[in-house]
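The values are calculated or read from the model by the stated rules, or taken from the named source; none is laboratory data. Values in this document were obtained by computation on a predicted structure and should not be read as measured data. All Cβ positions, glycine included, derive from the backbone under ideal geometry; neighbour counts span all protein chains shown. With ligands, DNA and RNA removed, areas are computed over all heavy atoms of the protein, side chains included. Shrake-Rupley method; radii C 1.70, N 1.55, O 1.52, S 1.80 Å.
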Amino acid sequence: MKKWQESIYPIVVIGGLFVAGVSLLVFPEKDFSELENRYLTKFPEWTIEKIGSGESQKKLENAATDQFPFRQDWIKLATGWKKSLGRTCINGVYLGKQDYYFEQVLDSQISEKQYELNLAILEAFKEQVSGPFTVMLVPSPGKVLEDYLPEQGVLCEDETWIQREQEVLGDSSVNIKPLLQAEAKKGQVYFRTDHHWTLYGAFLGYRSYYEHMGKTYEEYNEFSPQLVRNDFLGTLYSKVLERKPKKDLFYLVEDIPQSIKVTIDDRETETIYEMDKLKQKDKYGVYFGGNHGYVKIENQEATSEDTLLLLKDSFAHSMTPFLMRDYKTILLVDLRYYNESVFDLLQQYPKAEVLVLYERSNFAKEENLRKLMVAVHR
């Protein structure tokens with residue numbers, strides 16, 4: 001049966017391509033794919049200069065892919081066909097047990113040089129911080145839920161990384177992996193179709209940080225987590241597009257301070273949630289409306305005068321609601337989009353706690369930590 005499927009698959013694809021090629025001339029172009037959460041390439045304008053440089057040909061190839069008629073249906077069909085052939089890795093995503101998806105991040109995709117450089121930058125930056133300094137690198141779902149990986153699933157090794165982080169950063173490094181592994185046996189700590197941790201996983205991050213700092217943490221249920229959607233599908237699903245994926249429950253912390261002022265880049269608001277995002281594909285964007293270079297949260301009801309500076313990726317977004325009760329000011333800085341001086345923030349808040357929070361493979365590939373060197377050399 002599999003040999004028959006393998007032989008007829010090219011015929012189906014070629015026939016589909018012929019029909020689609022004709023359809024490209026008929027259907028209007030689309031600007032944005034909500035399912036994939038990205039803008040689509042449009043067909044290029046043909047000029048002598050662009051043809052000579054190859055720019056038009058490249059854009060034509062990308063546009064033909066993005067504007068392919070019924071593209072998402074074709075992807076779903078192809079995914080179903082590949083699964084029937086026994087494939088467990090599709091478009092860089094492992095199809096794991098219990099309906100979990102895992103991003104295929106291999107050792108060959110990680111630059112050891114960049115990783116070592118990032119650790120060295122944090123080591124130097126630590127010396128510029130007057131207050132407490134902590135680094136928490138969150139393992140990817142596949143390194144915590146290894147039993148759910150398919151038999152042929154291989155991911156980049158992280159135990160050596162964890163050891164190296166502790167060698168370079170000493171007591172400043174928090175290893176959250178054992179806690180996530182233990183709690184994953186009791187509840188869901190990562191989404192099935194997304195690379196982020198769930199709200200409960202984010203709570204464990206908050207708990208680990210408070211334990212590291214010697215602070216008393218509140219229990220999960222004391223934050224009144226509320227179910228706001230029962231149909232969450234994440235970024236990994238967008239790469240696979242199975243016909244009947246397992247949808248996740250999506251919770252938000254309801255019991256957060258009410259008297260707050262939130263500055264998102266240059267815009268002010270009174271909430272950390274943009275609830276309209278829950279009606280869209282990218283529901284994780286409910287936190288602050290998505291990724292931003294700078295977010296400042298000022299809480300008049302805080303139990304202390306403390307300030308927390310979070311240098312982070314998007315894993316910090318769902319952890320922030322658990323922190324809000326206890327800090328007068330929380331500053332979230334995403335170095336991918338923040339081009340101001342972190343040194344100036346440290347000068348403005350000299351006693352601030354500094355927490356560096358990244359998913360580990362994101363940290364290993366992050367090239368924007370070099371912006372911290374401005375603070376180191378001043």
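Details
- Note that segment 135-151 has calculated 3J(HN,Hα) couplings of 10, 10, 9, 8, x, 5, x, x, 7, 9, 9, 4, 5, 8, 5, x, 4 Hz, one per residue in order, obtained from phi through the Karplus relation 6.51 cos²θ - 1.76 cosθ + 1.60 (θ = phi - 60°); glycine and proline are x.
- Amide H contacts of Y327 (H built 1.01 Å from N, in plane; Pro and chain starts excluded): T303 sit under 5 Å, all sequence-distant by 5 or more or on other chains.
- Hz values of 3J(HN,Hα) by residue in segment 222-234 - Karplus curve (6.51, -1.76, 1.60), Gly and Pro given as x: 5, 8, 6, x, 10, 6, 10, 8, 10, 9, 6, 10, x
- When peptides 111-118, 331-338, 196-203, 320-327 are sorted by average Cβ neighbour count within 10 Å, with the highest value leading, the order is 196-203, 320-327, 331-338, 111-118.
- Hz values of 3J(HN,Hα) by residue in segment 309-318 - Karplus curve (6.51, -1.76, 1.60), Gly and Pro given as x: 9, 9, 8, 7, 10, 6, 4, 6, 4, 6
- As a rough guide to protection, the peptides 148-160, 168-180, 346-358 ranked by mean Cβ packing within 10 Å, highest first, stand as 346-358, 168-180, 148-160.
- Given K185/K261; K244/K296; K97/K281; K126/K283; K185/K296; K76/K186, the pairs whose alpha carbons are separated by over 29 Å: K185/K261; K244/K296; K126/K283; K185/K296; K76/K186
- With the simple model of a label 7 Å out from the Cα in the direction of the Cβ, A182 to K97 spans 2.3 nm.
- Which of R267, R229 is most accessible, then next, and so on - probe 1.4 Å: R267, R229
- Modelled label positions at K328 and Q152, each set 7 Å beyond Cα in the direction of Cβ, lie 5.9 nm from each other.
- Relative contact order of segment 309-378, defined on C-alpha pairs under 8 angstrom at six or more residues apart (%): 47
- Across segment 259-334, the relative contact order, built from alpha-carbon pairs under 8 Å that are at least six residues apart, equals 32 percent.
- Amide H to amide H, with H built 1.01 Å from N, V93 comes under 5 Å of Q104, counting only residues 5 or more places away or on other chains.
- Inter-label distance for S108 and E222, nm, one decimal - labels placed 7 Å from Cα along Cα-to-Cβ: 5.0
- Heavy atoms of I256: accessible area, 1.4 Å probe, square angstrom to 10: 20
- The simple Förster model, with R0 at 22 Å and r as the Cβ-Cβ distance, assigns C89 and D231 a FRET efficiency of 0.30.
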